[in-house]
1. Can you give me the relative contact order of segment 358-440 as a percent, contacts being Cα pairs under 8 Å and 6 or more apart?
2. Fewest first, what order do Tyr310, Tyr46 take by the number of other Cβ atoms within 10 Å?
3. What list of ³J(HN,Hα) values in whole Hz, one per residue of segment 112-121 in order, does the Karplus curve 6.51 cos²θ - 1.76 cosθ + 1.60 (θ = phi - 60°) give from phi, with Gly and Pro shown as x?
4. Looking at the square roots a ≥ b ≥ c of the eigenvalues of the Cα gyration tensor of segment 358-440, which shape do they give, rounded for a/c under 1.5, prolate if a/b is larger than b/c, or oblate?
5. Apply the Kirkwood formula to segment 302-358: the hydrodynamic radius equals the inverse of the mean of 1/r over all pairs of different alpha-carbon atoms; give it in Å with one decimal.
6. Using mean Cβ contacts within 10 Å as the protection proxy, how do 315-324, 424-433, 116-125 order, highest first?
7. If you place +1 on the Cβ of every Lys and Arg and -1 on the Cβ of every Asp and Glu, how big does the dipole about the Cα centre of segment 304-357 come out, in debye to the nearest 20?
8. Based on the mean of other beta carbon atoms within 10 Å per residue, what is the order of 356-367, 136-147, 282-293, 155-166, most packed first?
Amino acid sequence: MVSEQPVLAVIGRPNVGKSTLVNRIIGRREAVVEDVPGVTRDRVSYDAVWNGRTFTVVDTGGWDPDARGMAERIAQQAEVAMTVADAILFVVDATVGITDADERVVKLLRASKKPVILAANKVDDQRSELEAAALWNLGLGEPMPVSALHGRGSGDLLDAILDALPDPPEEDFDAPAGPRRVAIVGKPNVGKSSLLNKLAGEERVVVDNASGTTVDPVDEIIQLGGREWTFIDTAGIRRRVKEASGHEYYASLRTNAAIERAEVVIMIVDASQSLSEQDVRIINAIQEAGRALVIAFNKWDLVDDERRYYLEREIDRELVQVPWAPRVNIAALTGWHVDRLVRALDAALEGWETRVPTGALNSFLGRLVAEHPHPVRGGKQPKILFGTQAATAPPTFVLFTSGKLEAGYLRFIERRLREEFGFVGSPIHLQQRVRAKRSQR
């Protein structure tokens, strides 16, 4: 993990309330919480502020020394988080007391030689505080009694965290802007986490054939094409948010937030399967959010000639709204053609930030209207009087007109704008301002 802010790793057995405590520390509902062990599966970082000091909180999956399979990989992620942290918050369920697993975690913590804050969670009253005192026996110093759910003791805990963390570096206001932000989205089990791991060159995200193994959005700064990029791997967007249960519902909200945070979105589609209504819905959501878009057709190694024939027809039929999005065929597991994503991302961001000078735009509109005037409707023919580009990222144009332009004519203008000026990988927003009639002034 690359971060100039001090890093706090939150460690503990499954279901001791780590994610609830993380939400309490950062002051908002970011980490996915549900009363089921193992909802957090990756190491996930969030920014936190307390008493004017900023630091990064890394939420981890539950650490279990006897874990096997998926749980074992979650435990490995927690151990990696401990190595990158400046201090460790060890969360124990005060109502359960010390377990064998807790004692084995303590051995790991001692070996890490990092400052450790011991949080005795689920202390909701005076009686629970007495139970928390028994945690002195872990040998990690004074247990900090806290109720993540109700906020009891959270201020004292945050003060103790700041004492354990090193001071952050001085801010440099002349520093260049941060890395470009990329969201990776798609249905469950299309290979989002595999792609992130291949790009990062390490097992950063828990990968399993079971769909929906990534639940929290995971940010990672990755060197790609000689530059740094911030990749946001998100939980697979569920079929319909209202149908999703429990943590899946919150994870889908997190995914939509990740799209909003991103500048460019890689939409991963399983090329070996038919394009679904869900794929189209996600692409429409990216377009409506005004983000640059790259479509990656993953699992290309599983596509034979027959599937390729049908896929081309599905693309023509289902993706008719986004012919401008660059398409890259990849195999995330093997890394085949993954390097081509950099070129596609650069092209999409360039299109997203393209600005057309007002003179060039109106010269183009004048030629367009002369060659293809708006159809006459009811004896009236609306005209484009003037145009200007109001914004970039995404490109937004305002057309001042004598009457309302039809949707079909607006689509025609967009198509010709792309032919003339590019805008590869970017949606275009067209707005019209109809001039008021003199009698209405």
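Every read-out reported here was derived from the displayed coordinates using simple, explicitly stated rules and does not represent laboratory data. From a predicted model like this one, the values you see are computed outputs, not experimental measurements. In this analysis, Cβ positions are derived from the backbone assuming ideal geometry, glycine residues included, and neighbour counts consider all displayed protein chains.
1. Once normalised by length, the contact order is 27 percent.
2. Tyr310, Tyr46
3. Per-residue couplings from phi come out as 6, 6, 9, x, 10, 9, 9, 9, 8, 7 Hz.
4. Because a/c hits 1.5 or more and a/b exceeds b/c, segment 358-440 counts as prolate.
5. 13.7
6. 116-125, 424-433, 315-324
7. It comes to approximately 120 debye.
8. Highest mean packing first, the order is 282-293, 136-147, 155-166, 356-367.
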